[in-house]
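I have placed the structure first, in the form of structure tokens, so that the comments after it can refer back to it.
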Amino acid sequence: DFSKAMSQAGTSQFQEVIRQELEYSMKVELDKILATAPSNELEHAKKDLEGFKKLFHRFLQEKGPSVDWGKIQRPPEDSIQPYEKIKARGLPDNIASVLNKLVVVKLNGGLGTSMGCKGPKSLIGVRNENTFLDLTVQQIEHLNKSYNTDVPLVLMNSFNTDDDTKKILQKYSHSRVKIYTFNQSRYPRINKETLLPIAKDVSYSGENTECWYPPGHGDIYASFYNSGLLDNLIAEGKEYIFVSNIDNLGATVDLYILNHLMNPPNGKRCEFVMEVTNKTRADVKGGTLTQYENKLRLVEIAQVPKAHVDEFKSVSKFKIFNTNNLWIALSAIKRLQEKNAIDMEIIVNPKTLDGGLNVIQLETAVGAAIKSFENSLGINVPRSRFLPVKTTSDLLLVMSNLYSLNAGSLTMSEKREFPTVPLVKLGSSFTKVQDYLRRFESIPDMLELDHLTVSGDVTFGKNVSLKGTVIIIANHGDRIDIPAGALLENKIVSGNLRILDH
């Protein structure tokens with residue numbers, strides 16, 4: 001046992017030496033990169049690299065899954081409230097004064113690459129020529145006009161989306177919404193083998209674009225604080241931010257939740273509210289809220305020990321998942337940021353660059369900070385508040401007659417008889433937005449659809465109706481044209497079907 005203990009001590013000492021060497025090498029490399037910064041960018045680059053250094057330090061300290069599975073408990077009953085209960089309280093007469101304390105923040109760092117688009121994802125057209133950003137501005141403008149309030153919109157951009165977004169913002173200069181932007185940090189990607197940055201200087205254009213990445217939306221706390229915008233908004237009397245992904249079309253300002261925050265029934269305000277919703281089979285990978293060491297804690301699939309992944313995915317044990325719609329007190333962000341007390345697990349995101357080099361990105365997620373805030377709460381909201389558009393299959397749903405558009409908000413059509421959305425799986429021929437648009441002459445009637453699977457070279461004519469379960473499979477080399485006006489109800493279509501003009 002003595003020799004075992006000695007060898008363990010030796011191993012941990014050895015690991016400590018390696019850790020220190022890695023940190024030292026990283027510091028040397030980062031200093032070299034910083035030395036290339038022009039004077040007008042120096043301050044900014046310094047802040048970014050300091051933030052990265054802290055993250056890298058923690059990455060070297062932490063080993064293995066970051067949760068001890070044995071300590072995970074179900075959250076106490078009152079720590080996740082049903083939305084109905086919060087709505088039942090009604091609204092006060094002075095809802096405008098409550099709204100004036102709110103800031104809407106949209107996470108706008110992502111590109112539309114997964115849908116084959118260049119530029120910011122928020123500029124993809126989703127409904128009647130309106131982009132995600134258009135719909136967001138329309139929603140807030142409608143609020144401000146209806147209640148005579150001044151709710152601003154803040155966009156957290158990344159170095160990937162900032163220029164294009166700023167150019168487009170001029171088109172809203174006459175709308176009744178003040179729009180602010182700030183940039184999330186820019187961190188260096190590191191070589192998976194050497195754990196050193198692949199960047200040689202601070203520039204991030206041309207061939208250097210692959211050297212840098214925005215470190216996930218958990219970066220919001222530091223970059224919002226560093227931008228000075230947080231202090232300005234507090235000085236204006238703002239108290240809460242409502243944060244959500246710009247591609248979640250269900251994430252509109254909810255007055256009942258806001259009222260619950262500002263006028264809590266027990267007199268004690270929550271610093272952090274996470275909207276969760278019930279899992280379906282499609283959401284088994286979503287992060288879930290648990291009780292851990294007497295605090296609410298978000299557990300993501302990446303943190304779960306391999307032996308427990310199936311248990312984590314079970315819909316019966318973990319019934320809810322995080323929508324990433326969050327309500328957070330500004331004063332709490334300021335307090336925790338100044339104490340350096342926001343603790344978020346590190347997500348290690350491996351990537352392979354175009355040239356084949358394996359790199360890793362160290363990231364954090366905004367919801368993971370819930371355990372650092374006081375008096376946190378989950379609210380179990382209807383599924384309608386989670387309507388993300390990640391793929392063209394999602395796009396088909398929001399473009400269809402399943403939804404109607406009113407003042408920038410999408411609501412499920414009253415003509416649909418059941419509240420769930422159909423399951424839609426479009427094949428790889430539909431992945432890119434321009435291919436997808438070319439394959440639909442008009443968006444089919446989907447009010448009575450349960451399930452649609454499309455695979456291969458398939459096109460849809462005008463005014464097609466889809467009902468029940470529809471499966472359309474064109475094998476390799478075949479092509480299927482669904483003719484204009486066709487009604488497909490509980491049908492499987494396969495083989496070749498070509499409609500030719502004569």
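The values are calculated or read from the model by the stated rules, or taken from the named source; none is laboratory data. Computed from a predicted model, the values in this text were never measured in an experiment. Here the Cβ is made from the backbone with ideal geometry for all residues, glycine too, and neighbour counts use every protein chain on show. Accessible surface is based on the protein model in full, side chains and every heavy atom, while ligands, DNA and RNA are left aside. Shrake-Rupley method; radii C 1.70, N 1.55, O 1.52, S 1.80 Å.
Right, residue 78: without any contact (Cβ under 8 Å) to a residue 12 or more places away in the chain, part of a helix (DSSP H, G or I) and charged (D, E, K, R) or not? Yes; evaluated as a whole, the condition is true for this residue.
Among the residues making up region 334-348, those that are open to solvent by less than 60 Å² (accessible area, probe 1.4 Å) and either without any contact (Cβ under 8 Å) to a residue 24 or more places away in the chain or within 18 Å of residue 296 (Cβ to Cβ) (or both) are 336, 341, 342, 344, 345.
The residue pairs whose first member lies in region 25-37 and is within 15 Å of residue 190 (Cβ to Cβ), whose second member is part of a helix (DSSP H, G or I), and whose beta carbons are closer than 6 Å, counting only pairs six or more residues apart or on different chains, are 26/56; 30/49. Could you list all residues from region 26-47 that are buried (at least 16 other Cβ atoms within 10 Å of the Cβ) and either in contact with a Lys or Arg (Cβ under 6 Å, 6 or more places away or on another chain) or not in a helix (DSSP H, G or I) (or both)? Of everything in region 26-47, just one residue is buried (at least 16 other Cβ atoms within 10 Å of the Cβ) and either in contact with a Lys or Arg (Cβ under 6 Å, 6 or more places away or on another chain) or not in a helix (DSSP H, G or I) (or both), namely 37.
From 206, 237, 218, which residue is within 21 Å of the chain's Cα centre (by Cα), in the same structural domain as residue 114 (by the TED database) and surrounded by fewer than 22 Cβ atoms within 10 Å (Cβ to Cβ)?
Working: 206 fails: within 21 Å of the chain's Cα centre (by Cα); 237 fails: within 21 Å of the chain's Cα centre (by Cα).
Going through 206, 237, 218 in turn, the sole match is 218.
Yes/no matrix, rows are residues, columns are (1) under 23 Å from residue 244 (Cα atoms); (2) of a type in the set (A, V, I, L, M, F, W, C); (3) assigned to a loop (DSSP other than H, G, I, E, B):
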site: 370; (1), (2), (3): yes, yes, no
site: 394; (1), (2), (3): yes, no, no
site: 398; (1), (2), (3): yes, yes, no
site: 404; (1), (2), (3): yes, no, no
site: 448; (1), (2), (3): no, no, no
site: 469; (1), (2), (3): no, no, no
site: 472; (1), (2), (3): no, yes, no
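Being out of contact with any helix residue (DSSP H, G or I) (no Cβ under 8 Å at 6 or more places or on another chain), open to solvent by 20 Å² or more (accessible area, probe 1.4 Å) and aliphatic (A, V, I, L, M) holds for only one residue in 437, 410, and it is 437. Among the criteria (1) modelled with pLDDT of 95 or more; (2) open to solvent by less than 30 Å² (accessible area, probe 1.4 Å); (3) closer than 29 Å to residue 343 by Cβ; (4) not basic (Lys, Arg), the one residue 82 does not fulfil is (2). Selection within region 121-155: residues that are among the acidic types (Asp, Glu) and touching a helix residue (DSSP H, G or I) at 6+ places or on another chain (Cβ under 9 Å). The member of this set that is least open to solvent (accessible area, probe 1.4 Å) is 134. Here is a check on your reading of the model: is residue 158 within 26 Å of residue 342 (Cβ to Cβ), open to solvent by less than 60 Å² (accessible area, probe 1.4 Å) and hydroxyl-bearing (Ser, Thr, Tyr)? Yes: the conditions hold for residue 158.
Conditions (1) closer than 30 Å to residue 242 by Cα; (2) open to solvent by less than 80 Å² (accessible area, probe 1.4 Å); (3) at pLDDT 90 or above, marked per residue:
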| site | (1), (2), (3) |
| --- | --- |
| 2 | no, no, no |
| 11 | no, yes, no |
| 14 | no, no, no |
| 17 | no, yes, no |
| 21 | no, no, yes |
| 49 | yes, yes, yes |
| 56 | yes, yes, yes |
| 71 | no, no, no |
| 95 | yes, yes, yes |
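If the condition is being under 22 Å from residue 378 (Cα atoms) and not in a helix (DSSP H, G or I), then region 93-105 contributes 101, 102, 103, 104, 105.
Just to verify a result, which residue in region 161-197, among those that are under 20 Å from the mean Cα position of the chain (by Cα) and part of a loop (DSSP other than H, G, I, E, B), is surrounded by the fewest Cβ atoms within 10 Å (Cβ to Cβ)? Ranking the candidates gives 185 first. For region 281-292, which positions are open to solvent by 20 Å² or more (accessible area, probe 1.4 Å) and modelled with pLDDT of 85 or more? Matches in region 281-292: 291 only.
Once region 349-396 is narrowed to residues that are over 15 Å from the mean Cα position of the chain (by Cα) and among the β-branched types (Val, Ile, Thr), the residue that is most open to solvent (accessible area, probe 1.4 Å) is 352. The combined condition, being of a type outside the set (Phe, Trp, Tyr), assigned to a strand (DSSP E or B) and out of contact with any Ser or Thr (no Cβ under 9 Å at 6 or more places or on another chain), is fulfilled by residue 360. Scanning region 134-153 finds one or more residues that are at pLDDT 95 or above and assigned to a strand (DSSP E or B).
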